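Only the coordinates and a few stated rules stand behind these numbers; no lab work does. Everything numeric in this text was worked out from a predicted model, so none of it was measured. In this analysis, Cβ positions are derived from the backbone assuming ideal geometry, glycine residues included, and neighbour counts consider all displayed protein chains.
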Amino acid sequence: MKTRGSAAIKLMPSQATEVDSPVAAMVREVIKEIGEDPSRQGLLKTPERADKALRFLTSGYATSLDEIVNGAIFDVDTEGMVIVRDIEFYSMCEHHMLPFFGKMHVAYLPNKRVIGLSKIPRIVDMYARRLQVQEQLTEQVAKAVAETVGARGVGVIAEARHFCMMMRGVEKQHSGTITSTMLGEFKAKKTTRDEFLALISQRTNPF
Ligand code: ZN
């Protein structure tokens, strides 16, 4: 924390018209360090914008599962599989702090209780808006759904593309990464997994 404070103090008053947040002050230093001029017009407010963007992209840390679910658990008699597929997500890889994004498919087998459908994408967002590893993101979503709804099983598949692969390093723009987590009956029963895979691969759009 000390170094953050001193970074803010080092700034020239002309560059920091208002008091910088620690993150904005550091972004200003980064801009200088890469050979840019933080006082040039287009970059003047960039540190504050980057600060806001970063706080939004990592807002999942300040969100809790209870807060999201907010009691939206309902008793049901059905036992059929529930799938929310093609949930867009945007996350940041924890190794490079570069984005990765894609789609997630979340399925579960209810055990007399279901969760409000809109809550599932919000659970995905809560974990995606953190510094992440795709494998871990997939698993965290699966476990959160399993715990929240007390499901007989949960299956989660994520398909994503990583900017750290596309823009740097191996520069493979078209490669995708698929991760999956299967819990309970999804892990134990091949027929359950097959049903899940068949349902998410149907590309007919009835709407
Ligand atoms: Zn990365």
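Key figures for this structure:
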{"item": "Failed item, numbered, when ALA62 is tested on (1) exposed (fewer than 13 other Cβ atoms within 10 Å of the Cβ); (2) within 16 Å of the ligand (Cβ to nearest atom)", "result": "(2)"}
{"item": "Residues (within 17 Å of MET182 (Cα to Cα) and more than 14 Å from the chain's Cα centre (by Cα)) located in segment 117-155", "result": "LYS143, VAL145, ALA146, GLU147, THR148, VAL149, GLY150, ALA151, ARG152, GLY153, VAL154, GLY155"}
{"item": "Some residue of segment 179-197 being without any contact (Cβ under 8 Å) to a residue 24 or more places away in the chain, surrounded by 19 or more Cβ atoms within 10 Å (Cβ to Cβ) and out of contact with any Gly (no Cβ under 6 Å at 6 or more places or on another chain)", "result": "no"}
{"item": "Residues located in segment 97-138, provided they are surrounded by fewer than 19 Cβ atoms within 10 Å (Cβ to Cβ) and of a type in the set (Ser, Thr, Tyr)", "result": "SER118"}
{"item": "Selection within segment 65-93 - small (Gly, Ala, Ser), away from the ligand (no atom under 16 Å from the Cβ) and within 29 Å of SER201 (Cβ to Cβ)", "result": "ALA72, GLY80"}
{"item": "Pairs with Cβ under 7 Å, 6+ apart, first in segment 153-171 and free of Cβ contacts under 8 Å to residues at least 40 places away in the same chain, second more than 9 Å from the ligand (Cβ to nearest atom)", "result": "MET165/LYS172; MET165/SER175; MET166/LYS172; MET166/GLN173"}
